[in-house]
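The values are calculated or read from the model by the stated rules, or taken from the named source; none is laboratory data. Note that the structure is predicted; figures quoted are calculated from it, not measured. Quick reminder, even Gly has a Cβ in these numbers, built from the backbone with ideal geometry, and neighbours come from all protein chains shown.
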Amino acid sequence: MTILIPGTVVITIFFLLSIVVFGSLLNTWNSHAGEFSVLQDQQVDRVSSAIAISSAGPTDTDLDCTNFTASVVNTGSVNFIPVEQGDIIVEYTDTGGSKVVRYLEYATTAVTGNRWTVASISADTRNPNQWDTQETATIKLSIASAMKADSNGPLLINSPLGSSDLKYLQCPEHLYLHFETVDIAGVDYYKMIGDVTAEATGATISAAVPAGTTGRIRPSSNNGKSVFLLTESTTIPASTWTATYRVKRDKADLGFVWTVNATDISLGVTGSWQDIDLSAAVPSGASGAIIEVVNTGSVGSYSGMVRGKDDTRDYMSDAENGLIYPSSHRWQVVKIDSGRLVQGYIENMDIDFKLLGYTIGSDPAYFSVPADVTPGTTAAWTAVDVSGVVDQDADGVILLIDNIENAARDYGVRETGSSFATTDRELGPYGNTMYMVGIDGSDQFDIYIENSNLKVYLVGQTKGSVVYYTDDVAVNDPTLGSWQQLDADTDVTPAVSSDAVGMLFWVENSAAGADYRASFREGGSSDDWNGDIQRNTHLQAAVGISGANNWGELLENEAINVSVAGYTRLVRLDVHADIDIVIRDASGAVRATLATEAANSANITGDSWQTLTAAYSFSEYTVVDPTDYLEIDLFADATANTSGESVSVDFRLDDDTLPAADQTRISLR
């Protein structure tokens, strides 16, 4: 049977179904519209997000190239939540030479083996622990296998919103010695920081090497010890280390070097100026020669003289000049040229030249052509002003007094303010002599010359290499007629300073009618030749003294008077830099000494800063405790020291005005 449904019911059902379907469609539409809005917001955030890796490198406590840090700045306009949804990928070459690509997992605790974490966020002031815009996240990351030395590899960091940046990681190469300190069990040590150049204006630490002392000396302060905390280092890999030292001395090698026995440098040609090659007797860089000119004959008076190779003055323009009486002697100091040459002139083969010693460095400093400083005033004490010739720091001058006439003439030389007043002692006919005299603050000394035929030439200047006495000091009279040993400590009143290496004597023959012998030699010397001082004359003599401060003296007659006019000094030191390598624990105790006197540099020779390097082959060391420190100790090592005074060896640390290549540091690879 057919059942008929009323139309009103059908229409009602249709409308009910339409409402249900439309509602469902509307809900679906609203849901999709909301999701699309979220996606739009996320895309806007993604576009507005950005990061920049400002730095990436090894951590401050890692030496084996497995732990690194990266500073990453949120440079966009949105905040990153959550941070751990970021991604980090590294690519590098391992110690076996293999290429490694690693995706690092996020970790909330300590990082080990192919993991990363956020160590801190700064300046984290708005939303704590949230990486807000313009804040910097410090990311620590670790790789399971160490990076090869001197290699680098890309570090890719993706933010939680997909923005990214790339930087290259590099295995740490250097430990820079900084002036900042760290306390270990109450003792301060300098810090070493890896792959960071100087951060300070610099500081100088110094090792004082006492006069005549050899051996290793630690600089002050902190005994020159620097440390690096090994918290994240499992090993210190085997490698060739290079130590770079920024060093200088407060005094360069300078002054007077005396030989025990004189070297004969006599000529074989008479009647003309001849070169004398001193290369077999003096080292390269020798600046001046101390020469005794001796007439070995007992009958004739003959001319003999020396001059610097660069000296164009012809002191022998009159063949009678430079006359030396029989069996007599006198002293000269002359400049040595770069080829280690001086020049000499002899009239007869009886004239010998004896090299007593030489000078080194910039003190004394010599003039190529000695200036004529002869005063215009005669027969009276006159101040001679050499300020226009000598340097500002000069404290004395080396003179040549030259009598150019055939008559003995009176002369005298003294320091300004001296009580020396003798004006009746002569320089013999055509004679000459060396004379060293101190100058005052106005660069003046006093001189008396009988007439203008006594010429005064300025050979050189001193700046501390000679100590002058304003008034000469007395010397005990030795037994006459034979060589006697005298002592600068006990036979001179007052005693000569311990930094003396040679003596400067004023010698007078007060006899009016006879020449008498007055000879001098170094304390351990066997030299023995004629040495008269002419009657009624005076001159200066010079001689080295032994390590026991002794010299030999032979006086023939009591008419010979000897006093000390001054003494010479020497700064000569063979010194280099080296290091000890130590492992020190947190209690301050030494756990292990890995190397002693390692990485020896070349000699430190100058008083200007220089950069020296030295290599050391380091064997691998396994770290025992993460609280241990690697320690590098600096030393100045004096291997030879004939210096008459203390010399400071300076090390420069942490100077931001210097390029990295000139920083004091240890290069590990």
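What number goes with the only condition from (1) at pLDDT 95 or above; (2) farther than 30 Å from V466 by Cα; (3) exposed (fewer than 14 other Cβ atoms within 10 Å of the Cβ) that A602 does not pass?
The number of the failed condition is (2).
Considering only the range 617-642, how many residues are over 19 Å from N67 (Cβ atoms), at pLDDT below 95 and in contact with a Ser or Thr (Cβ under 9 Å, 6 or more places away or on another chain)?
Matching residues across the range 617-642 total 2.
Just to be sure, is G357 assigned by TED's automatic domain parsing to the domain that holds S279, in contact (Cβ under 8 Å) with a residue 40 or more places away in the chain and under 28 Å from the mean Cα position of the chain (by Cα)?
Answer is yes for this residue.
If only one of S233, S220, S226 is free of Cβ contacts under 8 Å to residues at least 40 places away in the same chain, of a type outside the set (D, E, K, R) and on the phi < 0 side of the Ramachandran plot, which one is it?
Numbers: S233 fails: free of Cβ contacts under 8 Å to residues at least 40 places away in the same chain; S226 fails: free of Cβ contacts under 8 Å to residues at least 40 places away in the same chain.
Result of the check over S233, S220, S226: S220.
Does H576 satisfy being more than 22 Å from V492 (Cα to Cα), buried (at least 20 other Cβ atoms within 10 Å of the Cβ) and not aliphatic (A, V, I, L, M)?
Here the answer is yes, as H576 does meet what is asked.
Quick one: R591 ticks every box in (1) within 19 Å of S239 (Cβ to Cβ); (2) part of a strand (DSSP E or B) except a single one, so which number is it?
Of everything listed in (1) within 19 Å of S239 (Cβ to Cβ); (2) part of a strand (DSSP E or B), R591 misses just condition (1).
Which of the strands (runs of 3 or more DSSP E) found entirely inside the range 624-669 contain at least 2 residues meeting this: surrounded by fewer than 22 Cβ atoms within 10 Å (Cβ to Cβ) and out of contact with any His (no Cβ under 7 Å at 6 or more places or on another chain)?
Result: 629-641, 647-655.
Residues in the range 102-113: is at least one in contact with a Leu (Cβ under 8 Å, 6 or more places away or on another chain) and assigned by TED's automatic domain parsing to the domain that holds G57?
Taking every residue of the range 102-113 in turn, at least one turns out to be in contact with a Leu (Cβ under 8 Å, 6 or more places away or on another chain) and assigned by TED's automatic domain parsing to the domain that holds G57.
Rundown of residues vs (1) touching a Phe, Trp or Tyr at 6+ places or on another chain (Cβ under 8 Å); (2) of a type in the set (S, T, Y), yes/no style:
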residue	(1), (2)
V247	yes, no
V260	no, no
I265	yes, no
G268	no, no
W273	yes, no
S279	no, yes
A289	yes, no
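With respect to A383, is the statement that it is farther than 28 Å from W258 by Cβ and over 41 Å from the mean Cα position of the chain (by Cα) true?
no
Yes or no, residue by residue, for (1) buried (at least 16 other Cβ atoms within 10 Å of the Cβ); (2) within 23 Å of the chain's Cα centre (by Cα); (3) not assigned by TED's automatic domain parsing to the domain that holds K248:
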site	(1), (2), (3)
S163	yes, no, yes
F179	yes, yes, no
D183	no, no, no
D188	no, no, no
T201	no, yes, no
P210	no, yes, no
S220	no, yes, no
V227	yes, yes, no
S233	yes, no, no
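Quick test of your reading of the structure: G322 fulfils all but one of (1) more than 42 Å from the chain's Cα centre (by Cα); (2) surrounded by fewer than 24 Cβ atoms within 10 Å (Cβ to Cβ). Name the failing condition by number.
Only one criterion is unmet by G322, namely (2).
State all residues of the range 459-497 that are among the small types (G, A, S) and over 16 Å from V543 (Cβ atoms); if no residue qualifies, say none. Don't jump to the end; show me each part of the working.
Of all residues in the range 459-497, those among the small types (G, A, S) come to 460, 464-465, 474, 481-482, 488, 495, 497.
Residues satisfying the conditions are G460, G464, A474, G481, S482, A495, S497.
Residue-by-condition table, conditions (1) assigned to a loop (DSSP other than H, G, I, E, B); (2) over 18 Å from D277 (Cβ atoms); (3) out of contact with any strand residue (DSSP E or B) (no Cβ under 9 Å at 6 or more places or on another chain):
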residue: S303; (1), (2), (3): no, yes, no
residue: R307; (1), (2), (3): no, no, no
residue: D310; (1), (2), (3): yes, no, no
residue: Y315; (1), (2), (3): yes, yes, no
residue: W331; (1), (2), (3): no, yes, no
residue: V334; (1), (2), (3): no, no, no
residue: V342; (1), (2), (3): no, no, no
residue: L356; (1), (2), (3): no, no, no
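Scan the range 139-147 and tell me whether some residue there is surrounded by fewer than 16 Cβ atoms within 10 Å (Cβ to Cβ), in a strand (DSSP E or B) and within 46 Å of the chain's Cα centre (by Cα).
no
Considering only residues that are outside any strand (DSSP E or B) and at pLDDT 95 or above, which ones fall in the range 251-277? Lay out the reasoning, then the answer.
Within the range 251-277, the first condition is being outside any strand (DSSP E or B), and the residues that meet it are 251-253, 265-273.
Passing the criteria: I265, S266, L267, G268, V269, T270, G271, S272, W273.
Against the conditions (1) modelled with pLDDT under 95; (2) more than 30 Å from T611 (Cβ to Cβ); (3) not aliphatic (A, V, I, L, M), where does R572 fall short? Just the number, please.
Failed condition: (2).
Being crowded, with 22+ Cβ neighbours inside 10 Å and small (G, A, S) is the filter here, so list the residues in the range 562-573 that pass it.
A565, G566
Could you please find all residues in the range 562-588 being over 28 Å from the mean Cα position of the chain (by Cα) and part of a loop (DSSP other than H, G, I, E, B)?
Within the range 562-588, D585, A586, S587, G588 meet the criteria.
For the range 379-443, which strands (runs of 3 or more DSSP E) that fit wholly inside it have 3 or more residues that are closer than 17 Å to Y468 by Cβ and touching a Leu at 6+ places or on another chain (Cβ under 9 Å)?
In the range 379-443, the matching strands (runs of 3 or more DSSP E) lie at 396-403, 432-438.
Pick from D94, D188: which is in contact with a helix residue (DSSP H, G or I) (Cβ under 7 Å, 6 or more places away or on another chain) and among the charged types (D, E, K, R)?
Of the residues listed, the single one that is in contact with a helix residue (DSSP H, G or I) (Cβ under 7 Å, 6 or more places away or on another chain) and among the charged types (D, E, K, R) is D188.
Within the range 457-470, does at least one residue satisfy the condition of being among the charged types (D, E, K, R) and either over 25 Å from G544 (Cβ atoms) or in a strand (DSSP E or B) (or both)?
No; the residues of the range 457-470 include none that is among the charged types (D, E, K, R) and either over 25 Å from G544 (Cβ atoms) or in a strand (DSSP E or B) (or both).
Tell me whether the range 533-552 contains one or more residues that are charged (D, E, K, R) and either in contact with a Lys or Arg (Cβ under 9 Å, 6 or more places away or on another chain) or not assigned by TED's automatic domain parsing to the domain that holds V492 (or both).
No, the range 533-552 contains no residue that is charged (D, E, K, R) and either in contact with a Lys or Arg (Cβ under 9 Å, 6 or more places away or on another chain) or not assigned by TED's automatic domain parsing to the domain that holds V492 (or both).
How many residues does the range 366-399 contain that are surrounded by 21 or more Cβ atoms within 10 Å (Cβ to Cβ) and of a type outside the set (S, T, Y)?
Number of matching residues: 8.
Take the range 159-172 and flag every residue that is part of a strand (DSSP E or B) and either in contact with a helix residue (DSSP H, G or I) (Cβ under 9 Å, 6 or more places away or on another chain) or farther than 19 Å from E105 by Cβ (or both).
D165, L166, K167, Y168, Q170 - these are the residues of the range 159-172 that are part of a strand (DSSP E or B) and either in contact with a helix residue (DSSP H, G or I) (Cβ under 9 Å, 6 or more places away or on another chain) or farther than 19 Å from E105 by Cβ (or both).
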